[in-house]
Amino acid sequence: MNGVKEKKKAGRATEVFKISFAAKSVNESFARSVVSAFASRLDPTVSELADLKTAVSEAVTNCIVHAYRDSRGKAEILLKGSVYADGRVVVEVKDHGCGIADVERAMQPLFTTDPAGERSGMGFTVMGAFCDGVKVRSRPGKGTTVVLTKRFGDCGA
């Protein structure tokens, strides 16, 4: 029974933040800074923190470039971060944009929906390279949520 309680406790976030901001290029660096400051409480290495910031940058850039490309309404990005006692940081980047019709295909290297061909189609690949986990939930016309998981050091893992 004691093991069950410990497992449940380890699964609960110790700290959480939520913030929203306009889906504009200028806010990509803002998102990186917020996540960096938040994750710093786990005392990551410079390299670990740079990895997380790079993944967040890719996720936010995807929202800015793809989610609202044909939209005339309010283009907003929701950013949520959670810190866990076992040394994990989980960051969710969510939009209410056009959504992704085929997530599995979109996560393949070099796939892009950019009609001008100016994007490399490597965003999800980069996120996966710098994080321990990447999950994508999306519904066409409803938006997309990217969940990035990064574990720092040996914080009790």
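Computed from the coordinates by the stated procedures, all read-outs in this text should not be read as laboratory data. Just so you know, these numbers come straight off a predicted model, no measurement behind them. Using ideal geometry, Cβ is built from the backbone for each residue, glycine included, and neighbour counts are taken over all protein chains shown.
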State, as an integer percentage, the relative contact order of the stretch 15-151 based on alpha-carbon contacts under 8 Å between residues 6 or more apart. 27
How far apart, in nanometres, would the label points at Arg137 and Arg69 be if each is projected 7 angstrom from Cα along the Cα-to-Cβ direction? 2.5
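Can you give me the Rg/Rh ratio for the stretch 15-151, using Cα atoms for both radii and the Kirkwood formula for Rh? Could the numbers behind the result be given before it?
Numbers: Rg = 14.2 Å, Rh = 14.9 Å.
The Rg/Rh ratio comes out at 0.95.
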Would you tally the net charge around Ser29, using a Cβ to Cβ cut-off of less than 14 Å, leaving Ser29 out, and scoring K and R as +1, D and E as -1? +1
Counting only residues 5 or more places away or on other chains, whose amide H sits under 5 Å from the amide H of Glu76 once H atoms are built in the peptide plane? Ala23, His96
R0 of 25 Å, Cβ-Cβ distance Ala22-Ala50: FRET efficiency to nearest 0.05: 0.50
Tell me the net charge near Lys142. Cut-off is 12 Å between Cβ atoms, Lys142 excluded, with +1 for each Lys or Arg and -1 for each Asp or Glu. +2
HN-Hα J in Hz across the stretch 134-139 - Karplus 6.51, -1.76, 1.60, θ = phi - 60°, x for Gly and Pro: 9, 10, 10, 10, 8, 9
Taking θ = phi - 60°, what integer Hz values does the Karplus form 6.51 cos²θ - 1.76 cosθ + 1.60 yield along the stretch 54-63, in sequence order, with x for Gly and Pro? 5, 5, 5, 4, 5, 5, 5, 4, 4, 4
